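Inspection log for the structure reproduced underneath, given as structure tokens.
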Amino acid sequence: MSENKQYTVSIYTENNIGLLNRISAIFQRRHMNVESLNTSPSEIDGVSRFTLVVNITESQMKKVIGQIEKQVEVIKAFYHTEDEIIYQESCLFKIKSELLFDERQIQNIIKESNARIVTVNKEFFAIEKSGRKEEIDLLHRELSVFGIMQFTRSGRIAVTKDEMKISTLLKAFQD
Amino acid sequence: MKETQTIKNNTHTSQTTERISGSEAVIKCLLAEGVDILYGYPGGAIMPVYDELYKYQDKIHHVLSRHEQGAAHAAQGYARISGKVGVAMATSGPGATNLITGIADAQIDSTPLVCITGQVGSHLLGSDAFQETDIVGISTPVTKWNHQITKASEIPEVFAKAFYIAKSGRPGPVLIDITKDAQFEEFDFKYEKCKGVRSYKPVPTTDENSLKAAAELINNAKKPLIVWGQGVILGKAEDAFKAVIEKAGIPSAWTILGASAIPTSHPLNVGMVGMHGNYAPNVLTNDCDVLIAIGMRFDDRVTGNLATYAKQAKIVHFEIDPAEVDKNVKTDIAVLGDAKTSLTDLLPLLHPNSHTDWHQKFKDLYKIEYEKVIKNDLHPTKEGLTMGEVLKEINLQTKGEAAIVSDVGQHQMIACRYAEFNKTKSNITSGGLGTMGFALPAAIGAKMAAPEREVIMIAGDGGYQMNIQELGTIFQQKVPVKIVVLNNEFLGMVRQWQQLFFEKRYASTEMVNPDFVAIAKGYHIEAQKVSERKDLKAAVKEMIDCEGPYFLEVRVEKEDNVFPMIPTGASVSDIRLE
Ligand SMILES: Cc1ncc(C[n+]2csc(CCOP(=O)(O)OP(=O)(O)O)c2C)c(N)n1
């Protein structure tokens, strides 16, 4: 049996209601956990893009791609390994304001991690960090020591290193 | 409102626009798609459409089923025998959810359906209003496509798309949900048939190299075996298929839904594969050197244990749906495309062959199956009637011309094993979902779509009662279907499993049945019951000779089993004969 691997899935779709349901059902039926999910506009007008991260075997991945592409409103689906993509995740931390002044260490952490202070008020301050998963994990670990009031992170967004021939493909659909 | 007559007949699309209500637009869309019959059940949220139907009764025939599940199955029966899109309609909430079993059945058996449901007014959506259910959400996993319409102006485009999607490529069910306000709203109607959807490619392009590679494997095979499925029928590829197997001389076996694509008596037809399939094709699956799958999807009921399925063979898969390739069985060569085109293109690449020795193996194994199973089923010597001999009598009297609509259970396996088919699209049964209650309503749809054909429904006492209310539809619509119930007073198939695998603990499988003949007569359907062999022939004759609908109950042996059988998880070559 082959091993589970982390795959990033890019799905180009029509911008229609209900598609999220169809796509997530494909994973749910097979008991596959979606690690992260992001949907957004894509480089093509009127075409949406889903970016998902899953941990499954390559043969499972191929079958799932087939099932996804089979959905009428899916234009094209791709899957990529970690080294084929450039990706970012983003996160927000909310932390008590007093810590910012009392704990010098926090200021160092913020500086070294290239995080950005979004807002500061009397009760709390918020910092934002975009980066690879490990960078965010590291920042989370370092800040946990001091106490985090709130934490949230986004789904992954990714672009491929190689060209994705989706525009050519879309043109072919139109011809 | 002045009506401009834009739809002259059922096949023309309307060119000019006219101002009409959403519900009238629904009817005009159906007419433009050539729909002249639909099955359904009214209710509050779909009443505006029903009101319009009243006006259009001379153009479009609405069949009032007695349960929405019956409507969906009837539409399936209609679609399966005609190859056209079946249409079913229901109100919101319970009406819509009652359609779901039929939709799920159509999805797994690739049956083209367009289902229309009414929905509460759009201002009420999401408020748990009276009879509101999220039918789009509920039906998502079991539809090829679905859509909710909240504005009348969306109706033409969505309907055009729905029919296109339902029937193109690998067919399937589509659901359109229409809010009540959209049914009332007036708009400028204009209909254009859908010719394509950007994100949807119904038929993949066939790669010439894969075709050549497939031909080479087939030409060099010493022991090739074809397993064909419904793809041959759905793709209207029967003639091309016959030409291919005849030229290459390949023994060919069918999946349950592939039955009838070529006549049962065809010398290259070696029987059914799968759990209750024939001995030879199952056993020899694990002996062939090239397995050619055509329009079938390696369902687990066909393959048994995948770890031991045709491991020695090279696999060639002709398939329209790319997602089926390598899904269950890893192929060596996949030929994507529709069966008719790819088989037509394959033909000139094939060398003529006869594989005489290889055929002999099938004949030898058939003899074993005949002695151990078939003889007892068709020519029993013990007292009780067998299901097999009923089928044999029907074959004799219909000369293999009838369409057999079977329900789910032992009788289904017997019907599929023993029915003789001379014509394609003659085996209508619930394959992938195994839906008890399918047969009676499906037979109604089948008979209405093909009134010139003899349509005979075969059900068990269990499944018959799952949609027995459709006798009312038969009576009201005067549909001359022939209803045969093989009554063993058990949920036979489950009882067989209990006997073989649960130490004869017959938990809740015994049925105390009503007087079926009286029930049929209550619906003014001619009826008869037979319990003895000597009466069978005359009873079948009376049924066939009857011009109207007819009900025949045959009391069969209570504890007969269906063999051969591949127990779940076993290998196809470990098939049991007793
Ligand atoms: C809707 C539904 N419920 C339950 C089953 C499980 N099931 C499969 S076969 C069978 C027994 C069928 O009994 P009957 O209709 O009397 O036919 P027989 O097997 O006796 O020919 C049952 C309960 C099913 N297939 N469909």
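B:V494 - would you say it is part of a helix (DSSP H, G or I), within 11 Å of the ligand (Cβ to nearest atom), of a type outside the set (G, A, S) and surrounded by fewer than 19 Cβ atoms within 10 Å (Cβ to Cβ)?
Values: part of a helix (DSSP H, G or I): yes; within 11 Å of the ligand (Cβ to nearest atom): yes; of a type outside the set (G, A, S): yes; surrounded by fewer than 19 Cβ atoms within 10 Å (Cβ to Cβ): yes.
Yes, satisfied.
Please enumerate the residues belonging to region B:418-440 that are over 12 Å from the mean Cα position of the chain (by Cα) and either crowded, with 24+ Cβ neighbours inside 10 Å or not charged (D, E, K, R) (or both).
Of everything in region B:418-440, those that are over 12 Å from the mean Cα position of the chain (by Cα) and either crowded, with 24+ Cβ neighbours inside 10 Å or not charged (D, E, K, R) (or both) turn out to be B:Y418, B:A419, B:F421, B:N422, B:T424, B:M436, B:G437, B:L440.
Of all residues in region A:27-59, how many are more than 11 Å from chain B (Cβ to nearest Cβ) and part of a helix (DSSP H, G or I)? Count: 2. Determine, yes or no, whether B:T140 is away from chain A (no Cβ under 14 Å) and either closer than 26 Å to B:G445 by Cα or under 26 Å from the mean Cα position of the chain (by Cα) (or both). Against the criterion (away from chain A (no Cβ under 14 Å) and either closer than 26 Å to B:G445 by Cα or under 26 Å from the mean Cα position of the chain (by Cα) (or both)), B:T140 does not qualify.
Out of region A:140-153, which residues are more than 19 Å from A:E98 (Cα to Cα) and surrounded by 13 or more Cβ atoms within 10 Å (Cβ to Cβ)? Give the derivation first.
Quick first cut of region A:140-153, residues more than 19 Å from A:E98 (Cα to Cα) only: A:141, A:152-153.
The answer is A:R153, and nothing else.
Looking for something of a type outside the set (K, R) and part of a helix (DSSP H, G or I) - is there at least one such residue anywhere in region B:185-205? No: zero hits.
Of the listed requirements (1) surrounded by 16 or more Cβ atoms within 10 Å (Cβ to Cβ); (2) within 12 Å of the ligand (Cβ to nearest atom), B:A507 misses just one: (1).
Here are some residues: B:G337, B:G384. Which one is on the phi > 0 side of the Ramachandran plot and either away from the ligand (no atom under 16 Å from the Cβ) or touching a Lys or Arg at 6+ places or on another chain (Cβ under 8 Å) (or both)?
B:G337
Please list, ordered by first then second residue, the pairs with beta carbon atoms under 6 Å, 6 or more apart or interchain, first in region B:94-106 and open to solvent by less than 10 Å² (accessible area, probe 1.4 Å), second within 12 Å of the ligand (Cβ to nearest atom). Listed pairs, sorted by first residue: B:G102/B:Q69; B:G102/B:H73; B:D105/B:S430; B:D105/B:L433; B:D105/B:T435. Against the list (1) within 15 Å of A:H80 (Cβ to Cβ); (2) within 14 Å of another protein chain (Cβ to nearest Cβ), the condition A:S10 fails is (2). Among the residues of region B:141-164, are any basic (K, R) and assigned to a helix (DSSP H, G or I)? Within region B:141-164, one or more residues are basic (K, R) and assigned to a helix (DSSP H, G or I). Selection of region B:63-92 for residues being touching a strand residue (DSSP E or B) at 6+ places or on another chain (Cβ under 6 Å) and farther than 24 Å from B:I233 by Cβ yields B:V63, B:S65, B:E68, B:M89, B:A90, B:T91, B:S92. Scan region B:169-183 for residues that are open to solvent by 10 Å² or more (accessible area, probe 1.4 Å) and facing chain A (nearest Cβ under 10 Å) and jot them down. Residues satisfying the conditions are B:G169, B:R170.
The values are calculated or read from the model by the stated rules, or taken from the named source; none is laboratory data. Values in this document were obtained by computation on a predicted structure and should not be read as measured data. Neighbour counts run over all protein chains shown; Cβ positions are idealised from the backbone, glycine included. The area values use the complete protein model at the heavy-atom level, side chains included, leaving out ligands, DNA and RNA. Shrake-Rupley method; radii C 1.70, N 1.55, O 1.52, S 1.80 Å.
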